[in-house]
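Below is one structure, written out as structure tokens, with a few remarks after it.
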Amino acid sequence: MPAPTNVIERDSDYFSESRRLTGPNFFFATTGVVLEALGAASKDVRAHARWRVHVVALTEALGWHAECIVRVHSASASLVLSAPMDQLYVATEVNEWAWESATSDCFPTLSVSNACEDGTHSMPNDIGDIAAALTRLRASALAEKNPALIALHAAAAARNVALYADDDEASIGAGASSMTFALSKIPAPADIDFSAVSDIPVALVTGSNGKTTTVRLLAAMLTAQGATVGYSSTEGVVIDGEAVTSGDYSGPAGARTVLRDKRVTAAVLECARGGMLRRGLALSEADVAIVTNVSADHFGEYGIDNLDDLADAKLTVARALRESGVLILNGEDALLMRRSKNLWSKVAVFAGDFKSAILQAKRAERGLTCGVEAGQLKLSNAEVTVDLGSVAAMPLTANAHAIYNIDNIAAATLAAYALGVPHATISATLKTFGASRHDNPGRLEQWNINGVHILIDYAHNPAGLAGLLDVANGLRAASSRLGLLLGQAGNRENADIDALANTAARYTPDLIVLKDIEGMLRGRADGEIAAMMARLLVSAGVAPDSIKTTLSELDAAKQLVEWANAGDVVVLPMHGAVAKQAMRDWLDGLG
């Protein structure tokens, strides 16, 4: 919905970010706002208590009661409050006023001037004056209030139909059976033909690795069943096999693009950690949610300091499940299983070993499981066990070398079955998907040019890189060499870069070419990460003359291919969309 005209974007010495949560999120299943506090006061319980008092007083005076949460983390604290979907902008103002007033109440010496050097306001003039603040905030609330949206939401909820909104539009239903209205022109529920509105099967997919592959495979299974599938991912939005937009659409915007397309009869939506933490999920009515795994990545962002935090962030998808929905989890991820305990009643589990204790326990509960037994993929619904075929014969597994893709296959299989796809359709899809590079672009794409085996993948963290290098080792002859392209996005902590370099060093590549990732420096200087990685690799035992630096991602990738001889394996984790496509075109030309 449009921001009221009296909302001013401003800086503050008291917080670094103040943002809306427009759907189910890390903190709760409703809409709200979060503020990232600054300074010593951010971890002071006196300031927290004062903030809570101010929030309660303001929200009750404005006619809505907020659930208040203080989450202290290593950097500072997140101050969170729930709010109605048509009051999110004013809720950010409430949160900011409450924190700045609480901080100046507790730490008056930290008060800042109302005027910045450029003449803008760093704080409202009414900090500490609740009567004056209420006058201002009531005006903001009145300007933002949208009774028609609230009425539409209530009517949709009464009919168990999804509603999702952005700054301009609100939609009810999904895909082919959806309706979308401008926020300023929402009709009364009595004027809407709700018989033409319904939901469609929706799957959410998250995890540290394997999200996009799982999304694409599940979409292929649903397509084989006869659905017109729309999916969103880090690679873009695809509707009925057509790429309608490219780029990272793994957040709410990509999901809404799919859900509003009138061609779509089933939706598969990738939900990356960043989008869930920034804004929450796009909708609260999903049928299936998958968490592929959890591994160390992105620590330090949005208050996520460790693996427990990251697991909780990924499990946000469970907040969007319908009462009948199924949560699908990696049974071999002990942390994920522990953090999800008692989170959702209907859980399906996959694992590499069909006879593992966790899968047997789930089957004893009459739950849905999937795993591998004697090289065959098995699916069990507790009453019937079905053999879906040889894992080695499934193209995605690269002759069973790509262990991580076996997990992705099992996750997609469980989701497809939960969404009503027959066993035979699942099995048939698994026998063909991945045979063409076009099935899963950017993920384990393979070329063999003059005897050189070349892999392009998205591997972006230690777990993903290790899985990719395991595949490479499976393809190598005893005397062949291994070449590796290596880089990292600038927003990773130094410890994350260290872990990636150490993972690479364990596989003793004969040549490592270090790169920058165009568009992903994120505050780092050109070549800064490459120089850091070079030092780390040498410390980990890699010979200095085995390390080269070519900052252009495309040029670095070409350098490795030109270095290789027949029998060698070249591993190219590539992340820039332009460079990746240019490399594909170059390789196709060579081939």
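The values are calculated or read from the model by the stated rules, or taken from the named source; none is laboratory data. None of the values given here were measured: they were computed from a predicted structure. Please note: Cβ atoms are built from the backbone with ideal geometry, for glycine as well, and neighbour counts cover all protein chains shown. Side chains included, ligands, DNA and RNA excluded: accessible areas come from the protein's heavy atoms. Shrake-Rupley method; radii C 1.70, N 1.55, O 1.52, S 1.80 Å.
Some observations on this one:
- Considering residues of the range 276-306 that are closer than 19 Å to MET337 by Cβ and among the hydroxyl-bearing types (Ser, Thr, Tyr) only, the residue surrounded by the fewest Cβ atoms within 10 Å (Cβ to Cβ): SER295
- Yes/no for VAL258 being under 22 Å from ALA170 (Cα atoms), β-branched (Val, Ile, Thr) and surrounded by fewer than 19 Cβ atoms within 10 Å (Cβ to Cβ): no
- Restricting attention to the range 465-491, the residues that are more than 30 Å from GLY523 (Cα to Cα) and either within 21 Å of the chain's Cα centre (by Cα) or part of a loop (DSSP other than H, G, I, E, B) (or both) total 6.
- The single condition from (1) surrounded by fewer than 24 Cβ atoms within 10 Å (Cβ to Cβ); (2) of a type in the set (Ser, Thr, Tyr); (3) touching a helix residue (DSSP H, G or I) at 6+ places or on another chain (Cβ under 7 Å); (4) under 26 Å from ALA410 (Cβ atoms) that SER233 fails is (1).
- Of the numbered criteria (1) closer than 29 Å to PHE27 by Cα; (2) open to solvent by 40 Å² or more (accessible area, probe 1.4 Å); (3) among the charged types (D, E, K, R), the one GLU242 fails is (1).
- Candidates in the range 207-238 are the residues that are of a type outside the set (Val, Ile, Thr) and assigned to a loop (DSSP other than H, G, I, E, B); of these, the one that is farthest from VAL288 (Cα to Cα) is GLU235.
- Matching entry among ALA499, ALA534, ALA477 (being among the aliphatic types (A, V, I, L, M), touching a strand residue (DSSP E or B) at 6+ places or on another chain (Cβ under 8 Å) and surrounded by fewer than 22 Cβ atoms within 10 Å (Cβ to Cβ)): ALA534
- The range 537-553: number of residues that are in contact with a Gly (Cβ under 8 Å, 6 or more places away or on another chain), open to solvent by 20 Å² or more (accessible area, probe 1.4 Å) and not hydroxyl-bearing (Ser, Thr, Tyr): 1
- Any hit, the range 428-436, residues being touching a Phe, Trp or Tyr at 6+ places or on another chain (Cβ under 9 Å) and not acidic (Asp, Glu): no
- Hey, ALA188 open to solvent by 40 Å² or more (accessible area, probe 1.4 Å), in contact (Cβ under 8 Å) with a residue 40 or more places away in the chain and either under 22 Å from LEU21 (Cβ atoms) or of a type in the set (Gly, Ala, Ser) (or both) or not: yes
- Residues that are in contact with a Ser or Thr (Cβ under 8 Å, 6 or more places away or on another chain), open to solvent by less than 10 Å² (accessible area, probe 1.4 Å) and within 22 Å of ALA162 (Cβ to Cβ) within the range 198-211 comprise VAL205, THR206, listed in sequence order.
- Meets criteria (more than 22 Å from the chain's Cα centre (by Cα) and part of a helix (DSSP H, G or I)) for ALA424: yes
- Residue match in the range 502-517 (condition: surrounded by fewer than 17 Cβ atoms within 10 Å (Cβ to Cβ) and touching a strand residue (DSSP E or B) at 6+ places or on another chain (Cβ under 6 Å)): yes
- Residue check for SER284: in a loop (DSSP other than H, G, I, E, B) and under 30 Å from ALA466 (Cβ atoms): no
- Taking the conditions (1) of a type in the set (S, T, N, Q); (2) at pLDDT below 90; (3) on the phi > 0 side of the Ramachandran plot in turn, SER479 satisfies each one other than (3).
- The listed residue being of a type outside the set (Phe, Trp, Tyr), modelled with pLDDT under 95 and outside any helix (DSSP H, G or I), out of ASP105, ASP118, ASP86: ASP118
- If you go through the range 560-585 and keep only what is under 22 Å from ASP470 (Cα atoms), within 31 Å of the chain's Cα centre (by Cα) and open to solvent by 30 Å² or more (accessible area, probe 1.4 Å), you end up with nothing.
- Checking each residue in the range 212-230 for being open to solvent by less than 30 Å² (accessible area, probe 1.4 Å) and touching a residue at least 40 places away in the same chain (Cβ under 8 Å) picks out THR212, THR213, THR214, VAL215, ARG216, LEU217, LEU218, ALA219, ALA220, MET221, LEU222, GLY230.
- Residues within the range 69-107 that are aromatic (Phe, Trp, Tyr), over 22 Å from ASP305 (Cβ atoms) and open to solvent by less than 10 Å² (accessible area, probe 1.4 Å), tallied: 1
- Each residue in the range 323-335 was checked for being open to solvent by 50 Å² or more (accessible area, probe 1.4 Å) and outside any helix (DSSP H, G or I), and 3 of them qualify.
- Residue ID - least open to solvent (accessible area, probe 1.4 Å), chosen from residues in the range 27-51 that are assigned to a loop (DSSP other than H, G, I, E, B) and among the polar types (S, T, N, Q): THR31
- The single condition from (1) open to solvent by 10 Å² or more (accessible area, probe 1.4 Å); (2) under 21 Å from THR22 (Cα atoms) that THR59 fails is (1).
- Filtered residue count, the range 525-558, keeping only those that are over 22 Å from THR503 (Cα atoms) and of a type outside the set (Ser, Thr, Tyr): 5
- THR432 being open to solvent by less than 10 Å² (accessible area, probe 1.4 Å) and hydroxyl-bearing (Ser, Thr, Tyr): no
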